[in-house]
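A quick write-up on the structure given underneath.
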Amino acid sequence: MLSSASSTDDLLKQGIAAARSGRKAEAREKLLLVVELDEQNEQAWLWLSGVVESDHDRRVCLENVLTLNPTSAVAQKGLRWLDEHAPASQREHCPHCHAELPATGNVCPACHQPVLISCPQCHEHVEIAIRHCPQCGTTLGDYHNHNPYYLNLAGAYLDRNNFPLGSWALEQVITAQPEADELLRCGALYLRLDRAARAVDMYRQAIERDPRQATAYLQLGALYRQLGQPEEMREVYQSGLRHLPGDPALLLAWGQGLSEIGGADHEAIDVLQRALKHEPRLVEAHLLLGQLHSRREDSMPALAHYRQVLIMAEPDAASVIEARRAIAALQPTQVDGWGEFTRHLLGFMLCPICAALANAQLSPLKISWAAWLLLGLSLIASLTWISSADMPRNPLTVKLFGPDEALRLHVSFWNGIGKFLWAFAFVALVIRM
Ligand SMILES: [Zn+2]
Ligand SMILES: [Zn+2]
């Protein structure tokens with residue numbers, strides 16, 4: 001052991017002497033022997049870092065020094081120097097195809113893929129392999145996920161009104177055979193670039209790629225609506241329904257589109273009713289049907305659809321507010337509520353009164369107290385019957401419960417109770433008196 005230690009010491013001295021007098025090859029040979037014998041030798045690693053041939057080896061030596069002595073200022077300084085000079089050498093190969101890159105240019109001349117991109121936030125050029133901009137920290141993403149990466153970039157450029165680069169990023173997606181949903185995102189981004197024709201093209205390609213995806217038809221249809229091209233809109237929804245028969249979302253959108261065209265109300269009502277056949281709880285369809293019917297001054301079906309909105313939607317939804325406003329606007333044209341109420345009530349009371357009178361030899365004074373009780377019962381039964389059938393127009397219950405609370409009585413349970421009591425009172429009057 002002693003001889004080995006002394007020979008290591010000698011070798012180190014010889015190596016340092018050779019390095020000092022510029023004999024690098026000899027110094028390297030001696031010092032490598034030293035670290036082979038004693039890999040914990042900080043001095044040997046430090047001197048070796050000065051005589052090795054590549055920056056990579058130099059980095060290994062200096063890192064070893066730092067491992068043995070974390071406070072070594074010489075090693076720290078040396079590594080910093082290497083760091084500052086390293087990126088230039090790393091950038092020499094394309095991350096996509098590994099071809100050697102020239103000193104300038106943003107695109108690889110071999111595979112024509114971008115190797116540098118402009119940071120959307122600070123405009124600094126950043127290597128494509130770097131996920132976060134070193135200047136401003138903006139997340140740039142992973143370029144291996146080609147299409148999501150460029151879609152994200154395109155969105156970020158457009159958010160900052162950088163239209164040429166936004167358009168460039170979109171072209172990167174389109175040349176890489178995007179999926180249907182990626183094409184849809186391209187379409188939406190092209191709309192932000194004010195390039196509607198290109199957006200139409202994207203949506204049509206998305207439909208071709210996946211004809212059973214409703215979103216593509218919905219977006220293309222909405223775009224034609226915006227562009228004021230009703231024939232194209234109709235064609236899109238019809239072809240969508242051929243692939244997705246009875247799709248309520250497509251039918252609803254088509255109905256909405258038709259309702260915006262003059263003179264297509266009848267067709268719109270037809271389409272919306274088809275939507276309700278497949279999805280009866282489609283609040284938007286009920287609301288629009290209410291509007292279409294009241295536009296045609298057809299207030300009965302209009303009211304029926306508005307009432308469906310009140311029943312189905314959340315109480316504070318915008319559609320409920322709209323429906324309530326529309327119902328209030330339609331009500332004044334309705335028949336006189338109290339008059340109708342009285343007429344209905346008299347109609348219901350006619351039979352029991354006749355029966356009671358017949359049993360009392362047509363003299364009201366001879367009507368027995370039991371018959372009076374039964375007449376009272378049939379009055380209550382008639383009130384319940386009317387209130388549960390003609391509710392929204394019944395001013396008595398509207399007064400008592402308010403227009404919405406009143407709906408609570410408008411159920412078959414109360415209707416049944418009313419009918420049953422009325423029949424009971426009438427039969428009792430006829431048989432017993
Ligand atoms: Zn390349
Ligand atoms: Zn940046």
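The values are calculated or read from the model by the stated rules, or taken from the named source; none is laboratory data. Note that this is a predicted model, so its numbers are computed, not measured. Because the Cβ atoms are built from the backbone with ideal geometry, glycine has one as well, and the counts that use them run over all protein chains shown. To get the accessible areas, we keep the full protein, side chains included, count just its heavy atoms, and leave off ligands, DNA and RNA. Shrake-Rupley method; radii C 1.70, N 1.55, O 1.52, S 1.80 Å.
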Heavy-atom accessible area per residue of the chain, all protein chains kept, 1.4 Å probe, expressed in Å², is 56 Å²
Phi-derived 3J(HN,Hα) across the stretch 142-159 with the Karplus relation (6.51, -1.76, 1.60, θ = phi - 60°), rounded Hz, x for Gly and Pro, is 9, 5, 5, 7, 3, 5, x, 4, 6, 5, 5, 4, 4, x, 5, 5, 5, 4
Scalar couplings 3J(HN,Hα) for the stretch 338-354 by Karplus 6.51 cos²θ - 1.76 cosθ + 1.60 (θ = phi - 60°), nearest whole Hz, x for Gly and Pro, are 5, x, 5, 4, 5, 4, 4, 5, 4, x, 5, 7, 4, 4, x, 5, 4
Counting Lys and Arg as +1 and Asp and Glu as -1 over every other residue whose Cβ sits under 14 Å from the Cβ of Q14, the net charge comes to +2
How high is the relative contact order of the chain? Use alpha-carbon pairs under 8 Å, at least six apart in sequence, and give a whole percent.
5 percent
Evaluated at 4 °C and 1.567 mPa s, the Stokes-Einstein D of the chain based on the Kirkwood radius over Cα pairs, in µm²/s, stands at 42 µm²/s
Per 10 Å bin from zero, what fraction in whole % of the C-alpha pairs of the stretch 2-87 is there, up to the bin with the longest pair?
19, 48, 28, 4, 0
For the stretch 30-44, Karplus couplings with θ = phi - 60° (6.51, -1.76, 1.60), whole Hz, Gly/Pro x
5, 5, 5, 4, 4, 5, 5, 6, 9, 6, 8, 8, 4, 4, 4
Portion, in percent, of the accessible area of the chain that falls on carbon or sulfur, probe 1.4 Å
57 percent
What longest region of the chain stays clear of GluC sites (Glu not before Pro) that DSSP places outside H, G, I, E and B and that have at most 15 other Cβ atoms within 10 Å?
298-433
Whole-Å distance linking the alpha carbon centroid of the stretch 416-431 with that of the stretch 110-170 is 81 Å
Orphan Cys of the chain, criterion: no other Cys C-beta under 4.7 Å
C61, C186, C351, C354
Could you work out, for the stretch 115-210, what percent of all Cα-Cα pairs fall into each 10 Å distance bin, beginning at 0 Å and stopping at the bin that holds the largest distance?
18, 49, 27, 7, 0
